[in-house]
Each structure stands twice: as structure tokens, then as C-alpha cells.
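Inspection log for the structure reproduced underneath, given as C-alpha cells.
The values are calculated or read from the model by the stated rules, or taken from the named source; none is laboratory data. No experiment lies behind these values; they were computed from the predicted model shown. Accessible surface is based on the protein model in full, side chains and every heavy atom, while ligands, DNA and RNA are left aside. Shrake-Rupley method; radii C 1.70, N 1.55, O 1.52, S 1.80 Å.
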Amino acid sequence: QVQLAESGGGLVQPGGSLRLSCAGSRSVSTRYVMGWYRQAPGKQRELVAYITPGGITNYVDSVKGRFTISRDNTETTLYLQMNNLEPEDTAIYYCNAKATLSDIRGNSGYWGQGTQVTVSS
């Protein structure tokens, strides 16, 4: 069993930055495919970015060049650095740990409780 807890969300103006953290109850980031997802009001949850145990990263087109996914050397914490934030980035952000990349857009694995990001002037 793995427990994940997100933090770092908040209210930020357009063009601002936030760094989200996802703390795992044990070593996760080199055992699982780790991903950040988000769900905006009235929309389905979408994959934002992921990182594989081997360190391969991938991003949804709308955040490429603005967001960076990374993990720390203790293998327990996942990050999402978000720069140049836009109102369209407003959503609840969730982290996830999956056993397999093949289900990267599915609901499997372990989920955190989410952290709210609001981008507004």
C-alpha cells in the first residue's frame, strides 16, 4: 500500500509560478510510473505529465515548456514546477503512482487527495 499526499497549491496570478509536491509514504518514484493529473470544474481528469522509473518524462501539449516534472533523490517525493501559469491551468491537481505505463490514462494505481491550483487576477 502506498499513500500519497499533495501540497503546494494555491492562488496565483497569471504568469506566476507554483511548485507542487507529492510525498509518498515510502519509496515510490523509482518503483512506479509517477504522474500528475488535473481536473478542472466540469471537465474530465486529464494527464498533465509523467515520469517513468528510468527517468523518461512526457507532458501534455498545453503545458510543454512551462511545467517540469521531477523527483528527489530519496525517491519519496515527486514535484511539478509550474511556470507562466494561465487561467486554463486552474484545476485540482492529483499525483498518482502506477505499476505500468500502459494504463497511464486510466484510474489504476495509488492516488493522492489533490491540491487546488487557481490562476486568477
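Below is a table of values for the structure above.
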| read-out | value |
| --- | --- |
| Per residue value of the accessible surface for the stretch 1-77 (all protein chains in place, 1.4 Å probe), Å² | 53 |
| Contour minus Cα-Cα distance for GLU46 and SER120 (0.36 nm per residue) | 24.6 nm |
| Relative contact order of the chain, defined on C-alpha pairs under 8 angstrom at six or more residues apart (%) | 37 |
| Accessible surface of the chain, 1.4 Å probe, proportion on carbon and sulfur as whole % | 45 |
| Mean-position separation - Cα centroids, the stretch 45-75 and the stretch 78-95, in angstrom | 11 |
| Additional length obtainable on full extension of the chain from GLN3 to THR30, 0.36 nm per residue less Cα span | 8.2 nm |
